[in-house]
Amino acid sequence: MALELHREETPRSVRLRLSGAVDLNSTPALLKSLKAALRTGKREVIVDLERVSHMDSSGVAALIEGVRGARKNGVEFLLARVPGPVFGVLDLAKLRGFFQYREE
């Protein structure tokens, strides 16, 4: 299943809702969306992963780049509604603690 990205904005935040597979083919689009979200000047970027069916190491790398870009710009970067399989990938990479999460 191809990755679908939906962007929602509030006065405080940008939320990227992802659906489908986050893999080598879809990571460039995710990176582009993350960079655009970080340039909005909002206080936080929330990446909603509830409907992600699969994530490989390139997807994890994109999320790491998002965190780095957010830190550089003084923006809070949060993962929301992370499904079990994605947590599994983060655990394998020993990165679960690297990210901040939003409970929803």
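About the Cα centre, and with charges only on the beta carbon of Lys, Arg (+1) and Asp, Glu (-1), how big is the dipole of the chain? Nearest 20 debye, please.
In debye, rounded to 20, the chain gives about 460.
Under the rule a/c < 1.5 gives rounded, and otherwise a/b versus b/c splits prolate from oblate, where does segment 15-56 land using the Cα gyration tensor?
Oblate, since a/c reaches 1.5 and b/c is not below a/b.
Give me the compactness ratio for segment 4-102, meaning the Cα radius of gyration over 2.2 N^0.38 Å. Intermediate values should be presented prior to the final figure.
Values: Rg = 12.1 Å, N = 99, 2.2 N^0.38 = 12.6 Å.
Segment 4-102 yields a ratio of 0.96.
Fewest Cβ neighbours within 10 Å first, please rank H6, H54 accordingly.
If I rank by nearby Cβ atoms, fewest first, I get H6, H54.
Quick check: the angle from helix 27-38's long axis to the longest principal axis of the chain, C-alpha only, nearest 10 degrees?
20 degrees
Once phi is turned into ³J(HN,Hα) by the Karplus curve 6.51 cos²θ - 1.76 cosθ + 1.60 with θ = phi - 60°, what whole-Hz value does each residue of segment 39-51 show in order, with x for glycine and proline?
Along segment 39-51, the couplings run 7, 6, x, 6, 6, 9, 10, 10, 9, 8, 9, 3, 9 Hz.
Before anything else, pin down the relative contact order of segment 4-102: Cα pairs under 8 Å, at least 6 apart, normalised by residue count, whole percent. Can you show the working numbers first?
On the way: 163 pairs, mean separation 27.7, N = 99.
It rounds to 28 percent for segment 4-102.
Any read-out appearing in this document is the output of simple, stated calculations on the displayed coordinates, not a laboratory observation. Quick caveat: nothing in here was measured; it's all calculated off a predicted structure. As a convention, Cβ positions derive from the backbone with ideal geometry for all residues, glycine included, and neighbour counts pool all protein chains shown.
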